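Student: I have a structure I would like to understand better, so I am pasting it below and will then ask my questions one at a time.
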Amino acid sequence: MEKLIYLDNAATTKTAPEVVEAMLPYFTEKFGNPSSVYSFASGNKDVITKQRETIAKTLGAKSNEIYFTAGGSESDNWALKATADAYQDKGNHIITTKIEHHAILHTAEYLEKRGFEVTYLDVDEDGVVRLEDLEAAIRPTTILISVMFANNEIGTIQPIKEIGKIAHEKGILFHTDAVQAFGQVPIDVDEYHIDMLSASGHKLNGPKGIGFLYIRKGVKIRSFVHGGAQERKRRAGTENVPGIAGLGAAVSRAVRTMEERTAKEIELRNYLIERVMNEIPYTKLNGHRENRLPNNANFSFRFIEGEALLIKLDMKGICGSSGSACTSGSLDPSHVLLAIGLPHEIAHGSLRLTLNEEISKEDIDYVVDSLKEIVADLRSMSPLYEDFIKKENK
Amino acid sequence: MYTEKVMDHFQHPRNMGEIENASGVGTVGNAKCGDIMRIYLDIDENQIIQDVKFKTFGCGAAVATSSMATELVKGKNIKEAMEVTNKAVMEALDGLPPVKVHCSLLAEEAIHAALWDYAEKHDIKIEGLSKPKSDIHEGEEEEEEEY
């Protein structure tokens, strides 16, 4: 088999064998609709109840506060749109950040078109929200604060507990997009003062197309999908039973393996960062050095462009991702990298590598050796590098 | 995403490098947009392009179009070089994805910019050639567009 080193686990992860196993019966012999009366189908209701409980427990929540959705983007859309709708009598102001996922940013823009006012908080150079900025942005009309738990590109973890505390002291709802963080760091909704939380199955070795939104009891929230009585009438439609069975299995697995898995990832990730920073000149580490997701590394290599880098890595069997404009089809590089203050040309040369527990030290050595060669090769081609070296030698 | 020819030129770029004391050098593009191309021309007294080299900061398509453009103008006289359009570069590469068409335009502009530099230095006029509009420093100080 050709070499494949998959370092794009923030994009998606491999579905774990035990997750697939948990799902399979619900495609075949246990295909019944959970809403049906006969006993053949009612067992399917049990798996939903059981997995809802599993998930609730990991968050310190109650099972009737977990609502299954089709994934992170739907959960984010629901949290923002339905809250805006339910609380518009109280106010029309929402606070979020400039580094959110597009599922939040584009939903916020949509709400702006509908007459809501949105403050997009800046972040510091590590990608951390400043609490004083948050406090200053709060108005009497603020109904919702939505700040992601950890960033998908640069991995920076936000001071969620402090943000939640500020929100609750002011009587404002607090939502967090925890799609990247859930399963990687322990989260307790009470400890962190979280009212709503979005998560997705396929980021934690679960299936794609399934996720959930945690909604604290007492939060007024409108139905997202009207129809049947599923999900306490908030999100109608026959449940994705295999998806829910898989999500539950993935969450159990993530919680069970978290300590050991993330310790291993952190060690290898730090080794990766250390080698890259020591051995490849003119390189910047993006994101907070300590407060970052265990498996995330994000670099900017000056004078080169990210897409070219990704293609060359791909030829060596290495999968990564970039915040370069060329990978997104737009002219601007990643909004996250711009928000942490990177100039455009440096943002174009970024590379995100996100590990999993199967990655070995040998893999990392191969990746760094390949990177050194590729970066040098692309720099030898770069007029920006040529100008820089000529200037240095003057 | 890319044709075999694009991948071939990206992996094995032709005429990559610099020419010392070149007859003409042109740099176009903008680091902000993620593409900069520089073309060096060595043009003899008969106005034949004896040698050409390029350097490119950019994506796979940007490298491939620069590489192909240098192949297409090498050995040509300056009039023939003027006829190497972005379309010709694209065709020679068996096409580009729609979002990468601008790379081929940049390659054409880079050749023109190098020819312009040559014409200025030698005080001649090349028919159909106008001052290059792209400048690598253009827009660097511009304000960020509001989100």
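The values are calculated or read from the model by the stated rules, or taken from the named source; none is laboratory data. Being a predicted model, the structure only gives us computed values, none of them experimental. Backbone-built Cβ (ideal geometry, glycine too); neighbour counts: all protein chains shown. For accessibility, only protein heavy atoms count, side chains too; no ligands or nucleic acids. Shrake-Rupley method; radii C 1.70, N 1.55, O 1.52, S 1.80 Å.
Student: Which value, in Å² rounded to 10, gives the accessible area of A:Tyr385 with a 1.4 Å probe and all protein chains present?
Tutor: Roll a 1.4 Å probe over it and A:Tyr385 shows about 60 Å².
Student: Between the alpha-carbon centers of the range A:366-394 and the range B:47-103, tell me the distance in whole angstrom.
Tutor: Measuring centre to centre over Cα atoms gives 23 Å.
Student: Just the number, please: buried accessible area between B and A, total of both chains, 1.4 angstrom probe, nearest 100 square angstrom.
Tutor: Working: alone 8570 and 17400 Å², together 23600 Å².
Result for this pair: about 2400 Å² buried.
Student: For n ≥ 4 DSSP H runs only, could you compute -39500 (n - 2.57) per run for chain B, divide by its residues and tell me the 222 nm figure to the nearest 500?
Tutor: Details: 5 runs with 55 residues, N = 147.
Here the helix-only value at 222 nm equals -11500 deg cm²/dmol.
Student: Using the per-residue mean of other Cβ atoms lying within 10 Å as a proxy for protection, in what order, highest first, do the peptides B:118-125, A:101-108 fall?
Tutor: Values: B:118-125: 12.6, A:101-108: 19.9.
Averaged packing, sorted descending, gives the order A:101-108, B:118-125.
Student: Relative contact order, percent, of the range A:15-138 when contacts are C-alpha pairs under 8 Å separated by at least 6 residues? Numbers along the way, then the final one.
Tutor: Numbers: 101 pairs, mean separation 17.7, N = 124.
Taking the mean separation of contacting Cα pairs over the length of the range A:15-138, I get 14 percent.
Student: Within 10 Å of each Cβ of B:49-57, how many other protein chain Cβ atoms are there on average?
Tutor: Average per residue, whole number: 4.
Student: At 1.4 Å probe size, with the rest of the protein present, what percent of the exposed accessible area of chain A is carbon and sulfur atoms? It would help to have the intermediate numbers written out before the result.
Tutor: On the way: 8200 of 16200 Å².
Of all accessible area on chain A, carbon and sulfur atoms account for 51 percent.
Student: Roughly what % antiparallel, to the nearest 5, for the DSSP beta bridges in the range A:44-154? Kindly include the intermediate steps, with their values, before the conclusion.
Tutor: Working: 1 of 9 bridges.
Antiparallel: roughly 10 percent of the beta bridges in the range A:44-154.
Student: Also: Would you check the accessible area of A:Ile389, probe 1.4 Å, heavy atoms only, in square angstrom rounded to 10?
Tutor: For A:Ile389, solvent-accessible area is about 50 Å².
Student: Under 1.5 on a/c is rounded, so check that first for chain A, then, if it is not, pick prolate when a/b is larger than b/c and oblate when it is not; a ≥ b ≥ c are the square roots of the alpha carbon gyration tensor eigenvalues. Kindly include the intermediate steps, with their values, before the conclusion.
Tutor: Working: a/c = 2.22, a/b = 1.39, b/c = 1.60.
Taking the square roots of the gyration eigenvalues as a ≥ b ≥ c, chain A is oblate.
Student: Let me ask something additional. Hey, with R₀ at 45 Å, roughly what FRET efficiency would A:Ala11 and B:Lys76 work out to, going by the Cβ-Cβ distance, to 0.05? Please list the in-between numbers first.
Tutor: Values: r = 45 Å, r/R0 = 1.00.
Calculated value: 0.50.
Student: What residues qualify as long-range amide H neighbours of A:Ser146, i.e. H under 5 Å apart, gap of 5 or more or another chain, H built at 1.01 Å from N?
Tutor: For A:Ser146, the qualifying residues are A:Ile95, A:Thr96, A:His175.
Student: Moving to a separate point now. Using a 1.4 Å probe on the heavy atoms of the protein chains only, list every residue of the range A:341-369 that has 50 Å² or more less accessible area in the complete assembly than in its chain alone.
Tutor: So the qualifying set is A:His344.
Student: Averaged across the residues of B:35-44, what count of C-beta atoms belonging to other chains lies within 10 Å of each residue's C-beta? Please list the in-between numbers first.
Tutor: On the way: counts 5, 7, 1, 5, 1, 0, 0, 0, 0, 0.
Whole-number average of other-chain Cβ neighbours for B:35-44 is 2.
Student: For peptide A:377-388, what's the mean number of Cβ atoms from other chains within 10 Å of each residue's Cβ? Don't skip to the end; give the middle numbers.
Tutor: On the way: counts 2, 4, 1, 3, 12, 7, 15, 7, 2, 5, 6, 0.
The per-residue average across the peptide is 5.
Student: Excluding ligands, DNA and RNA, what is the solvent-accessible area per residue of the protein assembly as shown at a probe of 1.4 Å, expressed in Å²?
Tutor: Working: 23600 Å² over 541 residues.
Value for the protein assembly as shown: 44 Å² per residue.
Student: Let me ask you something else. Compute the signed sum of charges (Lys and Arg +1, Asp and Glu -1) over the other residues within less than 12 Å, Cβ to Cβ, of A:Asp124. List each step's numbers first, then the result.
Tutor: Values: positive: A:Lys98, A:Arg130; negative: A:Asp122, A:Glu125, A:Asp126, A:Glu132, A:Asp133.
After counting each charged neighbour, the total is -3.
Student: Only sites in a loop by DSSP and with at most 14 other Cβ atoms within 10 Å count here; which GluC sites (Glu not before Pro) in the range A:1-89 make the cut? Write down the numbers at each step before the final one.
Tutor: Working: sites: A:Glu2, A:Glu18, A:Glu21, A:Glu29, A:Glu53, A:Glu65, A:Glu74; in loops: A:Glu2, A:Glu29.
Sites meeting the loop and neighbour criteria: A:Glu2, A:Glu29.
Student: Could you pull out the GluC sites (Glu not before Pro) across the range A:237-308 that fall in loop regions by DSSP (anything but H, G, I, E, B) with no more than 15 other Cβ atoms inside 10 Å? Each step should come with its number before you reach the end.
Tutor: Values: sites: A:Glu239, A:Glu259, A:Glu260, A:Glu265, A:Glu267, A:Glu274, A:Glu279, A:Glu290, A:Glu305, A:Glu307; in loops: A:Glu239, A:Glu290, A:Glu305.
Counting only loop positions with at most 15 other Cβ atoms within 10 Å, the GluC sites (Glu not before Pro) in the range A:237-308 are A:Glu290.
Student: Once phi is turned into θ = phi - 60°, what whole-Hz ³J(HN,Hα) does the Karplus curve with 6.51, -1.76 and 1.60 give for every residue of the range A:98-107, x standing for Gly and Pro?
Tutor: Result, rounded to whole Hz: 7, 10, 5, 5, 4, 4, 8, 4, 6, 5.
Student: Would you mind telling me the antiparallel percentage of the DSSP bridges in the protein assembly as shown, rounded to 5?
Tutor: 65 percent
Student: Which peptide among A:143-153, A:84-94, A:360-370 comes first, and what is the full order, when sorted by highest mean count of other Cβ atoms within 10 Å? Each step should come with its number before you reach the end.
Tutor: Numbers: A:143-153: 25.8, A:84-94: 17.7, A:360-370: 15.5.
Per-residue mean Cβ counts within 10 Å order the peptides as A:143-153, A:84-94, A:360-370.
Student: Separate question: Taking the alpha-carbon centroid of each part, what is the distance from the range A:338-364 to the range A:94-114 in angstrom?
Tutor: Result: 25 Å between the Cα centres.
Student: List the GluC sites (Glu not before Pro) within the range B:52-107 that DSSP assigns to loop and that have no more than 15 neighbouring Cβ atoms inside 10 Å. Could you put the intermediate results ahead of the total?
Tutor: Working: sites: B:Glu71, B:Glu80, B:Glu83, B:Glu91; in loops: B:Glu83.
Loop-located and lightly packed - B:Glu83.
Student: Next question, about the same structure. Angle between the Cα long axis of helix A:383-393 and the longest principal axis of chain A, 0 to 90 degrees, nearest 10?
Tutor: Compared with the principal axis, the helix lies near 50 degrees.
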